[in-house]
Amino acid sequence: MQTSNASPFNALPPAVIALAVIIGGIEALFQLAQAGFLGGAGGLGWRQNGVNEFGVWTRVMDWMLDNRSFPFREWRRFLTYPLIHVSATHAILVVVFVLALGKLVAEVFSQAAFLAVFLISSVVGGLGFVFLSGSEFPLVGGFPGAYGLIGAFTFVVWIGAVGQNRQGARAFGLIAVLAIVQLVFSLYALEFGRLVSNLSGFMAGFVMSFLVRPGGWQWLLNRLRQR
């Protein structure tokens, strides 16, 4: 009987590993700074400085629109906020989503598609946050991008079910459960910004799957013609 000593990371696409390492590495720096191993006394404020500098704020978007000025330092926030998290638990949960769902998306579509889904879903999630929620709190963390990966995963399950003439609505069971759970927490906290950003990311990931899946749009057109 043969046994394999290969690392489980060998089975993960490099792009998935790279994103998880970046997210985990940044959180590790915050943890070391908080423990006093980096940055001295100033290290205690690294996380908050990161949130202030790289997080998405509704008031910053309001300022850009009011002044019709869009400096790179401000709009880059939509690209950087997924890498900053409020706690180790927050970062670990995102890394778990990235590793689990990212592997599927990268293998079914491509590694470039995986990165595109995560990035664009994060941007759309950030835009949904500032334009739809009006939250006074900052948006940080990779959950909108992770929800985009859930959207891509849902697309894969849905298209497989439809192709086998099964009930495609069941593919949306995961996002339905997550949305209900998050809605309960949002009602308790009276803060809906995270819910809006995550669902925006999910929808972006689902729709993007038509673009990044080989022949995706043609498949959709064929299905519409059949109806």
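All of the numbers you see were taken from the coordinates with simple rules; none came from a lab. Note that the coordinates shown come from a computational prediction; the quantities given were computed from them, not determined experimentally. With ideal geometry, Cβ positions are generated from the backbone for all residues, glycine too; neighbour counts draw on all protein chains shown.
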**OP:** Can you work out which of the residues in region 143-191 that are within 17 Å of the chain's Cα centre (by Cα) and of a type in the set (Ser, Thr, Tyr) is surrounded by the fewest Cβ atoms within 10 Å (Cβ to Cβ)?
**Re:** Thr154
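If you go through region 76-103, how many residues are of a type in the set (D, E, K, R) and more than 16 Å from Phe129 (Cβ to Cβ)?
First, pick out the residues of region 76-103 that are of a type in the set (D, E, K, R): 76-77, 103.
Checking which are more than 16 Å from Phe129 (Cβ to Cβ) leaves us with 103.
Residues in region 76-103 being of a type in the set (D, E, K, R) and more than 16 Å from Phe129 (Cβ to Cβ): 1 in total.
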Original post:
Does at least one position in region 50-61 carry a residue that is over 16 Å from the mean Cα position of the chain (by Cα), among the β-branched types (Val, Ile, Thr) and farther than 14 Å from Gly141 by Cα?
Top reply: yes
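How about region 108-227: which helices (runs of 4 or more DSSP H) wholly inside it have at least 2 residues that are among the basic types (Lys, Arg)?
On the way: elements: 111-128, 143-163, 173-189, 193-212, 216-226.
The helices (runs of 4 or more DSSP H) meeting that bar are 216-226.
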**OP:** Check Leu139, Leu132, Leu79, Leu101 and return the single one that is farther than 19 Å from Ser209 by Cα, crowded, with 22+ Cβ neighbours inside 10 Å and of a type outside the set (Val, Ile, Thr).
**Re:** Leu139
